[in-house]
Amino acid sequence: MSLRSNRTRLVTFRISAEEHHSLTNACATEGARSVSDYARSAVLARMMIHRASSFSLGDDLATLGTRLEEIDQALQELSETIARVMGKRSGKEASSEPRRAPIELKQEAYK
């Protein structure tokens, strides 16, 4: 099946004379078959970049959330170890101040 037979939708937009001149120059420079072919390629390439960056950002946020949870767990363990060591030295609690609750991450924001 040829690529042309799949193209059944029409997209139309208006541009100024200056924009048209720039567009035709870009087509000639890039060696595009037509303004339509160049515009189609440019729009589809932009869509792919946007789609890739959206997925990447979501994945990055999920990874960041996981890493923050790991760091929080490691800090809690370290804090407990320090409290035990300091408690053995002084015979008292390591701190009279109440311990802060860990920051809870909202996982829904990372999906």
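Some observations on this one:
- Extension gain for the segment Ser79 to Asp60, taken as residue separation times 0.36 nm less the Cα-Cα distance, is 4.0 nm to one decimal.
- Using the Cβ-Cβ distance between Glu18 and Met47 with R0 set to 25 Å, the FRET efficiency works out to roughly 0.50.
- Length released on extending from Arg67 to Asn6, taking residue separation times 0.36 nm less the Cα-Cα span: 17.5 nm
Only the coordinates and a few stated rules stand behind these numbers; no lab work does. The structure displayed is predicted, hence computed values, not measured ones. Don't worry about glycine lacking a Cβ; one is built from the backbone with ideal geometry, like all the others, and counts go over all protein chains shown.
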